[in-house]
Amino acid sequence: MGAGTRTASPAAAGGKGGIHVAALGPGADLAGFRTAARRLIAAGIPPEAIVWQSETPSLFGADTAPAEAPPLALPRAVTDLIPMVVPHRDPERYGLLYALLWRVVRGERALMEVASDPLVHRLHRMRKAIARDLHKMHAFLRFRRLPGETERYAAWFEPDHHILEAAAPFFVDRFRNLAWSILTPEGCAHWNGALTFGPPGRREDLPEGDGFEAGWRDYYESTFNPARLNLDAMRAEMPRKYWRNMPETAAIPGLIRAAGARAQAMIERGPTIPEKRDPVRAVARMARDEPDSLVALNAIIARSEPLVPGATQAVLGEGPMGPAIAFVGEQPGDQEDRQGRPFVGPAGQLLARAMAEAGLDRSEAYLTNAVKHFKFSLRGKRRIHEKPTAGEVSHYRWWLERELGFVAPRLVVALGATAVLALTGKPVPITRARGPADFGRAFAGFITVHPSYLLRLPEAAKADAYRAFVDDLRRVAALVA
Ligand code: URA
C-alpha cells in the first residue's frame with residue numbers, strides 16, 4: 001500500500017554475505033516492487049541474492065534512496081501479469097516475479113508463453129487466484145446505508161488476498177454518484193468524488209440490515225430458478241464465507257428447501273401460454289409498486305415475466321449513476337439474454353469499438369435497453385432476434401423512464417428506431433432525426449443508428465456507415481465535454 005521502497009544498498013551487500021534486502025510496504029506494494037525491481041536489475045543482482053521483505057522491519061538495515069533506474073522494456077504479457085500477482089498473499093510473490101523479470105530481461109522474451117515452465121505455471125495460478133478474488137469482491141460485496149442526514153453507504157468485505165486497491169475502481173465506476181466506504185480487515189477505501197485509502201475497519205462499525213437490503217433479497221428471490229438448483233456449483237460460486245454479508249442469502253435456505261417442490265410443480269404445470277396482456281392494467285399494477293431507488297426498480301424488472309415468452313431473464317441496465325452519457329438500445333440479444341448483461345454480444349462489441357475510437361470510455365457510460373427481455377423466433381436451434389412491436393415498447397416505457405430518472409445521465413443517446421420510439425412515444429425515421437435531439441426531459445438527447453444495423457449492411461456499405469457512426473459518437477463526446 002504505497003509504503004515506498006527500501007532496497008538494501010549494494011554497499012551493504014558485501015558485509016551481509018552478498019544478500020540484498022528489498023523491503024516493501026504492507027499488502028500489495030506495486031509501486032515499491034516496480035522501483036525495487038528496476039534498481040536491482042540495473043545493478044545486475046540475481047534473484048537468489050535478494051531477500052524480499054514485506055510488512056516486516058528490515059533485517060539488514062535497508063536504505064531508502066529513491067529509484068534512479070529506468071523502466072524495464074518488458075513484453076505485454078509480463079507487464080499485465082505483475083499487478084495481478086502482487087496482491088497475492090503468498091510471501092514469495094515478489095521473489096517469483098523478480099525471477100521472471102530476471103529471465104525475461106536476459107533473453108527469454110517469450111517465457112510467459114511456456115505454460116509448462118514451473119515458474120510460469122505457478123505465476124499463472126496466482127494470477128487466477130487474484131482474478132477469482134476480484135470477481136468475488138465485485139459480485140458479493142453489498143453496501144448498507146449508514147444512518148444520518150447525509151446519504152452514505154458502507155460495506156464490509158474480507159478478501160482472500162490484498163486486492164482492495166485493485167478492486168476499488170470497479171465500485172467507483174458503478175457507484176460514482178454515491179458516497180461510500182469499503183471496510184476490510186487490512187484497510188478501507190473511501191469514495192466521495194475522490195478515492196482514498198485508510199487504516200483497517202471493523203465489521204462492527206457497520207449498522208445492521210436496512211431497507212436498501214430488501215431490494216437485494218427481492219431481486220435474488222425473483223431470479224432464483226428452482227429447476228436449475230445445483231448446490232455444489234452454488235457453493236463453489238458463492239462460498240459460505242461471503243453469505244453473512246449478503247442480505248439476499250437470508251432467503252437461500254428457504255429457497256433450497258422449497259426448490260424440489262417448486263421444480264416439480266413447474267414440471268406438472270407444463271409449458272404455459274402467457275395470458276394476453278392488457279398494457280393499461282399492467283402499468284397501473286406497476287404504478288402501485290412505485291420504486292424509490294434503482295435497486296428497487298431493478299428488483300421489479302427482474303421479477304417481471306417477459307411480455308413475449310422465452311427469454312431467460314430480464315436484462316437490466318448497467319453502468320455508473322450520474323454518468324455523462326447513457327445509451328438506450330432496442331432489446332437484449334441472444335448473448336445478452338444468456339449472460340444477463342446489456343451489449344455483450346456482437347452489436348455491443350461493435351459499439352464498444354466505436355466508442356473507443358470516438359474517445360468515449362465504455363465503463364463510464366450507462367447502457368440499457370428500451371425493452372428488457374429478448375424476443376426471438378426459433379430457427380432450428382438458433383434463436384433469431386425479432387423486433388419488438390410498438391405495444392411491447394410502450395409496455396416497457398414506464399421502466400425506462402424511471403430508470404433514466406434514477407440514473408440521471410446528462411445526455412441520452414438513442415440507438416435506433418426502437419429507442420427513439422421508447423424515448424419520444426412516436427415513430428421517427430432515423431435518417432431524418434439523426435443528430436442532437438430533444439426528448440423533452442431533464443437530459444440532452446442524441447439520435448443515431450443501432451450498431452446491429454451496421455452489422456447487417458452489405459460489406460461494401462459497412463466501412464462508410466461505421467465511420468459515420470463513429471462521427472456521431474464524436475459529436476456526442478463533444479456535447480458532454
Ligand atoms: N442490441 C441491443 O439493443 N441491446 C443489447 O443489449 C444488445 C444488442
>> Sort 333-342, 188-197 by packing, meaning the average of other beta carbons within 10 Å per residue, with the highest value first.
In response: 333-342, 188-197
> Ordered by packing density, taken as the mean number of other Cβ atoms within 10 Å over each peptide's residues, highest first, how do 426-435, 27-36, 115-124 rank?
Replying inline: 27-36, 115-124, 426-435
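Taking the mean number of other Cβ atoms within 10 Å as a proxy for protection, how do you rank 457-463, 96-102 from highest to lowest?
Details: 457-463: 9.7, 96-102: 21.0.
Ranking the peptides 457-463, 96-102 by packing returns 96-102, 457-463.
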> Roughly how many nanometres apart are two label points built 7 Å out from the Cα toward the Cβ at ALA115 and ASP90?
Replying inline: 1.7 nm
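R0 = 45 Å: FRET efficiency of ARG379 with ALA42, Cβ-based, nearest 0.05? Could the numbers behind the result be given before it?
Details: r = 62 Å, r/R0 = 1.39.
Between ARG379 and ALA42 the formula returns 0.10.
Run the numbers for ARG240 and ILE19: contour at 0.36 nm per residue of separation, minus the present Cα-Cα distance, in nm. List each step's numbers first, then the result.
On the way: separation 221, 0.36 × 221 = 79.56 nm, distance 4.38 nm.
Gain on extension, ARG240 to ILE19, equals 75.2 nm.
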> Measuring from label point to label point, each 7 Å out along Cα→Cβ, what is the ARG132 to ALA194 span in nm?
Replying inline: 3.8 nm
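Compute the semi-axes of the equivalent ellipsoid of the stretch 304-405, taking the square root of 5 times each eigenvalue of the Cα gyration tensor, and list them largest first in whole Å.
Details: eigenvalues 109, 60, 22 Å².
One finds semi-axes of 23, 17, 10 Å for the stretch 304-405.
Give, in nm to one decimal, the length gained when the segment between THR431 and ASP464 is fully stretched (0.36 nm per residue of separation minus the Cα-Cα distance).
Details: separation 33, 0.36 × 33 = 11.88 nm, distance 1.49 nm.
The span from THR431 to ASP464 would gain 10.4 nm if fully extended.
Holding the Cα-Cα limit at 31 Å, pick out from LYS426/LYS462; LYS136/LYS381; LYS128/LYS387 the pairs that are longer than that. Don't skip to the end; give the middle numbers.
Details: LYS426/LYS462 28 Å; LYS136/LYS381 33 Å; LYS128/LYS387 40 Å.
LYS136/LYS381; LYS128/LYS387, as the Cα separations exceed 31 Å there.
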> In the stretch 141-205, if every C-alpha pair distance is counted and binned at 5 Å from zero, what percent goes to each bin?
Replying inline: 4, 18, 33, 27, 14, 3, 1
>> Need the full-extension length gain, LEU479 to LEU72, defined as separation in residues times 0.36 nm minus the C-alpha distance. One decimal, nm.
In response: 142.5 nm
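Since every read-out is calculated from the coordinates, none of them should be taken as a lab result. All values reported here derive from a predicted model rather than from experimental measurement. Here Cβ is always computed from backbone atoms with ideal geometry, including for glycine, and neighbour counts include all displayed protein chains.
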